[in-house]
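To start, the structure under review is shown below, and the notes come after it.
The values are calculated or read from the model by the stated rules, or taken from the named source; none is laboratory data. Here the structure is a predicted model, which is why all the values come from computation and not from measurement. We place every Cβ from the backbone using ideal geometry, glycine too, and count neighbours over all the protein chains shown. The accessibility values were calculated without ligands, DNA or RNA, using every heavy atom of the protein model including side chains. Shrake-Rupley method; radii C 1.70, N 1.55, O 1.52, S 1.80 Å.
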Amino acid sequence: MPNLTAVSVFLLRGFSTVPLLQLLGAASFLLIYLAAILGNVAIVAAVTQDAHLHTPMYFFLKHLSLVDICSVSTTLPWALVATALGSRDISLHACASQLFAFVCLGSTECFLFTSMAFDRCLTIYRPLLYRATMSPETCVSLVSVAWGNGLVFSAFHTANTFSLLFCGPNVIDHFFCDIPALMRLACANADAHEAAGFAVSGCVIMSCFGLTVLSYVRILATVCRIRSAAGRWKAPSTCSSHLATVLLFYGSGSSAYMQPRTSYSPTQGLVAAVFYSVLTPTLNPLIYSLGNKDMKGALLKLYPRGPF
């Protein structure tokens with residue numbers, strides 16, 4: 001059996017293998033990164049300072065924005081600095097840390113979306129019991145559970161991925177350390193690891209998505225019983241922002257993580273990653289603020305001369 005030397009340093013391919021496109025991509029993603037940070041910081045500041053937004057829905061939204069800030073900061077700064085310096089190296093330990101943080105934040109966001117769906121369902125289905133059920137203690141517990149489950153889920157995936165042997169090649173076809181791209185570089189057969197990761201991801205994602213769907217089924221059933229046309233429109237309008245972000249998150253994320261390694265395409269993985277790791281955190285503040293009068297009012301207090 002030949003001697004196998006473990007890889008201690010990986011090379012990130014970046015945004016493109018073409019130098020000009022690499023620079024253009026870096027410039028574009030720098031602007032997107034700044035927009036994501038400014039937008040989510042504005043949401044956090046508005047919810048924190050405006051007493052009218054001290055409700056469960058905006059409490060979850062503030063934590064969603066905090067997760068988005070951390071998530072986009074886990075991947076893009078490293079890629080942008082690497083492009084600027086012309087160095088694509090990332091050590092094995094740094095790669096594992098980046099993967100752990102990214103998966104933790106992504107799974108925490110998944111659980112937060114489920115909590116937000118439950119909140120919206122109670123608002124429409126049980127409005128008289130809403131305040132008693134969604135107490136501050138309950139909200140804190142739901143957020144704590146989201147973070148706790150995210151840490152456990154991420155610890156499993158990090159251990160499952162980096163228990164594989166990497167002995168070369170060491171070029172990751174991505175701009176950050178992601179599970180599908182890393183598993184393609186494993187020297188040994190990764191089928192068992194892939195199956196375990198697929199099973200755990202499937203259970204978590206489908207459970208969260210299933211609970212979200214059930215919440216919306218209950219919302220739809222309740223709306224259908226409302227007699228007035230105005231009431232039918234007002235009830236689901238409070239859920240439109242959440243539904244839009246959920247579809248964007250699950251649509252892009254499932255295309256990257258819920259497919260076999262053998263059918264993985266670096267280009268497809270890169271495009272999907274841009275959607276769920278970059279565009280989703282950038283668009284969330286816009287989706288939740290453009291059609292929301294309360295959020296617009298809070299943002300106007302922060303930025304009196306802003307575009308809101």
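Here are a few things to note about the model shown:
- For PHE166, the conditions (1) surrounded by fewer than 20 Cβ atoms within 10 Å (Cβ to Cβ); (2) more than 22 Å from the chain's Cα centre (by Cα); (3) within 22 Å of ILE90 (Cβ to Cβ) are fulfilled apart from (1).
- Candidates ALA117, ALA146, ALA186 - the one that is closer than 16 Å to ALA96 by Cβ, crowded, with 17+ Cβ neighbours inside 10 Å and of a type outside the set (Ser, Thr, Tyr): ALA186
- Inside the range 211-242, residues that are at pLDDT 85 or above and assigned to a loop (DSSP other than H, G, I, E, B) make up a count of 0.
- Residue in the range 170-182 that is more than 17 Å from the chain's Cα centre (by Cα), touching a residue at least 12 places away in the same chain (Cβ under 8 Å) and in a helix (DSSP H, G or I) present: yes
- If the condition is being under 14 Å from LEU247 (Cα atoms) and surrounded by fewer than 17 Cβ atoms within 10 Å (Cβ to Cβ), then the range 212-225 contributes only VAL213.
- Hits in the range 15-44 (condition: open to solvent by 30 Å² or more (accessible area, probe 1.4 Å) and of a type in the set (Gly, Ala, Ser)): ALA27, SER28, ALA35
- Matching option when the condition is in a helix (DSSP H, G or I), within 17 Å of THR280 (Cα to Cα) and open to solvent by 60 Å² or more (accessible area, probe 1.4 Å), among LEU105, LEU128, LEU66: LEU66
- Taken over the range 14-57, the criterion of being small (Gly, Ala, Ser) and either modelled with pLDDT under 90 or farther than 12 Å from THR282 by Cβ (or both) is satisfied by GLY14, SER16, GLY25, ALA26, ALA27, SER28, ALA42, ALA45, ALA46, ALA51.
- Residue in the range 29-36 that is in contact with a Cys (Cβ under 9 Å, 6 or more places away or on another chain) and either assigned to a helix (DSSP H, G or I) or touching a residue at least 12 places away in the same chain (Cβ under 8 Å) (or both) present: no
- Some residue of the range 86-93 being touching a residue at least 40 places away in the same chain (Cβ under 8 Å), open to solvent by less than 10 Å² (accessible area, probe 1.4 Å), touching a strand residue (DSSP E or B) at 6+ places or on another chain (Cβ under 7 Å) and within 22 Å of ALA273 (Cα to Cα): yes
- For the range 194-205, the set of residues classified as open to solvent by 50 Å² or more (accessible area, probe 1.4 Å) and over 19 Å from CYS110 (Cα atoms) consists of ALA195 only.
- Looking only at the range 211-222, and only at residues there that are within 12 Å of CYS239 (Cα to Cα) and in contact (Cβ under 8 Å) with a residue 40 or more places away in the chain, the one that is farthest from the chain's Cα centre (by Cα): ILE219
- Pair list, Cβ under 7 Å, 6 or more apart: the range 38-56 residue on the phi < 0 side of the Ramachandran plot, other residue outside any helix (DSSP H, G or I) and modelled with pLDDT of 90 or more: PRO56/MET134
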